[in-house]
1. Hey, could you check region 322-368 for residues that are part of a helix (DSSP H, G or I) and of a type in the set (Phe, Trp, Tyr) and say which is nearest to Trp206 (Cα to Cα)?
2. Given the criterion on the phi < 0 side of the Ramachandran plot, among the hydroxyl-bearing types (Ser, Thr, Tyr), part of a loop (DSSP other than H, G, I, E, B) and assigned by TED's automatic domain parsing to the domain that holds Val337, identify the matching residue among Thr2, Thr24.
3. Return the pairs, sorted by first residue and then second, in which the second residue is in a loop (DSSP other than H, G, I, E, B) and surrounded by 15 or more Cβ atoms within 10 Å (Cβ to Cβ), the first residue lies in region 254-266 and is of a type outside the set (Asp, Glu), the beta carbons are less than 7 Å apart, and the residues are 6+ apart or on different chains.
4. Select from region 97-114 the residues that are buried (at least 24 other Cβ atoms within 10 Å of the Cβ) and either assigned to a strand (DSSP E or B) or of a type outside the set (A, V, I, L, M) (or both) and write down the one among them that is nearest to the chain's Cα centre (by Cα).
5. Would you confirm whether or not region 245-253 contains a residue that is outside the structural domain of Val111 (by TED's automatic domain parsing), part of a strand (DSSP E or B) and surrounded by fewer than 22 Cβ atoms within 10 Å (Cβ to Cβ)?
6. Being assigned by TED's automatic domain parsing to the domain that holds Thr333 and farther than 22 Å from Glu53 by Cα, is that true of even one residue in region 277-289?
7. It is to be established whether one or more residues within region 335-356 are surrounded by fewer than 22 Cβ atoms within 10 Å (Cβ to Cβ), polar (S, T, N, Q), touching a helix residue (DSSP H, G or I) at 6+ places or on another chain (Cβ under 7 Å) and without any contact (Cβ under 8 Å) to a residue 40 or more places away in the chain.
8. Being over 15 Å from Val324 (Cα atoms) and of a type in the set (D, E, K, R) is the filter here, so list the residues in region 261-281 that pass it.
Amino acid sequence: MTSPGRTEHLVLPGVLTAAEAAATVAGILAEQRADGAIPWFRGHHLDPWDHIEAAMALDAAGEHGRAEAAYRWLAEHQLPDGSWYAAYTDGDATAPSDRGRETNFVAYVAVGVWHHYLATGDDAFLDRMWPTVRAAVGFVLELQSPGGQIGWKREAPADGGTPGPGEPAPGAAVTGALLTGCSSIHQALRCALAAAEHLREPQPGWELATGLLGHAIRRHPERFLDKSRYSMDWYYPVLGGALTGPEAKARIEGRWEEFVVPGLGVRCVSPNPWVTGGESAELALALWAMGEPERAVDILRSIGHLRTPDGMYWTGYVFADETVWPAERTTWTAGSVLLAVAALGGDTATTAVFGGGGLPSGLEPDCC
């Protein structure tokens, strides 16, 4: 079990004490399989994005060995085309439950790997994981359109099979682009470029792709599917680093009252009376990134009602019915809270990947 002494840097008055942070870390560790996989909770599925978010939280808490095990799981089970399936039953790599391959899920390994490297300074780890990151980015960029946006996913192969070495990826490409997913990919590409620069592995194609994607997010909302009911589409362009400064401020202010429920957290979908811990913690991260730590802390304090005695967090709460729903405590919700607290506390690795100040931005296209 993680001791409070290892989580003193995760103390945030009104949000977490060192002992509470230690309990949350212990809760995530309890759900991690021996092979490194981190499902939502044991018996549920693992998806690659949330697996990585939980691993990043472990690094923020100093559990570097357990975080590295999570990245080793990804390296060992990456598909030949550079992707991972969208879901695996209980984190069992032999039991995929959704054989689609979502681009933002695949790209996020770059964020996690760069975060782990910054947290540990482990050059050998970065060398080992570089082929995994490079292959993942290759898969993602195959679905980039000329306008910069990146298609959502490849569908599951019709025959249920997997691609063999050197074979093209089976499954139809879904070219419709999600703003939330693409904003996350934007952050991932910047982290991938940072790793490439550190390793002296120039990737000019990635620089072009990153610039195109960032420009599409900032200037071409028509290139993305309309998911504006979801709060993630509201704050993710800020969280993913595509919008900064006055543009970020204007975006957050524009729909604040629509999504933020004072004292309870952030709605997942407007106008549904349902607040969720993950979205609330991510908004707190976005607020911190745009220079508003006080409001970030207020958001984190507002979801204290989701915390359970074992240190984990309920996924959400339907305030119209005063009911916890769904009745599950997910590793990724707990992870998102720990990462937000780590950023607010100045954790070097976490501030670097979410602050973005030192990350490459790619090449801005000659457009508009």
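1. So the residue we want is Phe354.
2. Step by step, each of Thr2, Thr24 is checked, and only Thr2 is on the phi < 0 side of the Ramachandran plot, among the hydroxyl-bearing types (Ser, Thr, Tyr), part of a loop (DSSP other than H, G, I, E, B) and assigned by TED's automatic domain parsing to the domain that holds Val337.
3. Short answer, once both residue conditions are applied: Val261/Phe319; Leu264/Phe319; Gly265/Ile303.
4. Ranking the qualifying residues of region 97-114, first place goes to Tyr108.
5. There is no residue in region 245-253 that is outside the structural domain of Val111 (by TED's automatic domain parsing), part of a strand (DSSP E or B) and surrounded by fewer than 22 Cβ atoms within 10 Å (Cβ to Cβ).
6. Looking for residues that are assigned by TED's automatic domain parsing to the domain that holds Thr333 and farther than 22 Å from Glu53 by Cα, one finds none in region 277-289, hence no.
7. Yes: one or more hits.
8. Residue satisfying the conditions is Glu279 alone.
The values are calculated or read from the model by the stated rules, or taken from the named source; none is laboratory data. All figures in this text were calculated on a predicted structure; none of them were measured in a lab. Please note: Cβ atoms are built from the backbone with ideal geometry, for glycine as well, and neighbour counts cover all protein chains shown.
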